[in-house]
Amino acid sequence: MASNTLSVRSQLVLLAAATCGLFLLALGGALWQMQLGGERLSGFIDTELAVERDVTRTYAQGLQMGQALRNILLDPANSKAYENFDQAKKQFDGMLAQIVARGHVLDGGAAAAARMQEVVQRWAPLQAEVIAKVRADDLQAAREVLVRGETPAWREIRGELLKQIEHLEKLTAGMRSDSAQALERSRLVVLGLGALRCWCAWWPRCW
């Protein structure tokens with residue numbers, strides 16, 4: 001009888017040790033997964049999401065420059081149009097520099113960032129030429145530069161920006177899906193740990 005009692009006690013001790021070990025292993029795995037998920041989300045916010053914001057704002061400032069340039073043509077004496085252009089250009093150039101600094105997340109990587117820079121380097125002198133001809137009161141020549149040079153260059157950079165916006169939106173959607181799956185896995189782990197704890201509390205009563 002004493003031998004059987006000792007055997008039962010030994011089994012209970014081993015079961016408790018094994019259960020605690022599995023519990024700690026599962027808990028450690030859940031915490032590790034949560035940490036990885038948090039680091040990935042933080043990195044995503046600092047890179048992909050930041051670049052998506054900058055690309056979208058760069059596109060908006062490009063549109064603003066185009067509108068200001070046409071307002072300059074329509075009303076050369078309106079100083080506000082020149083101020084709007086200068087302000088939009090400053091914002092555009094600053095955000096483009098930030099995009100280039102994180103070019104690795106673009107569709108095409110650093111090569112795509114270099115391509116955008118190259119287009120902008122051709123586009124900026126055409127904008128300046130339009131303004132210079134307006135100031136020289138040569139509106140016809142300014143319109144020709146706008147139609148034949150400046151507008152095609154803007155369409156080129158606009159196409160690249162829209163391409164990158166689409167690419168980054170897909171990355172955001174993918175990150176959202178990954179985060180949802182990670183949360184579901186964590187939920188299942190928590191449920192499993194809860195079930196294990198209940199089982200550990202109930203099982204010894206059967207002896």
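Numbers for the structure displayed
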read-out: Unmet criterion (only one of (1) outside any helix (DSSP H, G or I); (2) surrounded by 14 or more Cβ atoms within 10 Å (Cβ to Cβ)) for Val100; value: (1)
read-out: Unique residue being part of a helix (DSSP H, G or I) and either surrounded by 13 or more Cβ atoms within 10 Å (Cβ to Cβ) or more than 20 Å from the chain's Cα centre (by Cα) (or both) when the list is Ala112, Ala77; value: Ala112
read-out: Restricting the range 127-160 to residues that are open to solvent by 20 Å² or more (accessible area, probe 1.4 Å) and among the acidic types (Asp, Glu), the residue that is nearest to Ala112 (Cα to Cα); value: Glu160
read-out: Contacts under 6 angstrom Cβ, first residue in the range 118-142 being within 20 Å of Leu63 (Cα to Cα) and acidic (Asp, Glu), partner at pLDDT 95 or above and crowded, with 19+ Cβ neighbours inside 10 Å, 6 or more apart; value: Glu129/Val145
read-out: Near pairs, Cβ below 6 angstrom, 6+ apart or cross-chain, from the range 53-72 (open to solvent by less than 60 Å² (accessible area, probe 1.4 Å)) to any residue that is of a type in the set (D, E, K, R); value: Met65/Lys89
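Each row is one residue, and each column tells you yes or no for (1) among the hydroxyl-bearing types (Ser, Thr, Tyr); (2) out of contact with any strand residue (DSSP E or B) (no Cβ under 7 Å at 6 or more places or on another chain); (3) modelled with pLDDT of 95 or more.
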site	(1), (2), (3)
Gly37	no, yes, no
Ser42	yes, yes, no
Thr47	yes, yes, no
Val51	no, yes, no
Thr56	yes, yes, no
Met65	no, yes, yes
Ala77	no, yes, no
Glu83	no, yes, yes
Asp86	no, yes, yes
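Every residue, every condition in (1) more than 17 Å from the chain's Cα centre (by Cα); (2) modelled with pLDDT of 90 or more, yes or no:
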{"site": "Ile99", "(1), (2)": "no, yes"}
{"site": "Ile131", "(1), (2)": "yes, yes"}
{"site": "Asp137", "(1), (2)": "yes, yes"}
{"site": "Glu144", "(1), (2)": "yes, yes"}
{"site": "Val147", "(1), (2)": "yes, yes"}
{"site": "Leu162", "(1), (2)": "no, yes"}
{"site": "Leu171", "(1), (2)": "no, no"}
{"site": "Val190", "(1), (2)": "yes, no"}
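The values are calculated or read from the model by the stated rules, or taken from the named source; none is laboratory data. Note that the structure is predicted; figures quoted are calculated from it, not measured. Note: ideal-geometry Cβ built from the backbone for every residue, glycine included; neighbour counts use all protein chains shown. Side chains included, ligands, DNA and RNA excluded: accessible areas come from the protein's heavy atoms. Shrake-Rupley method; radii C 1.70, N 1.55, O 1.52, S 1.80 Å.
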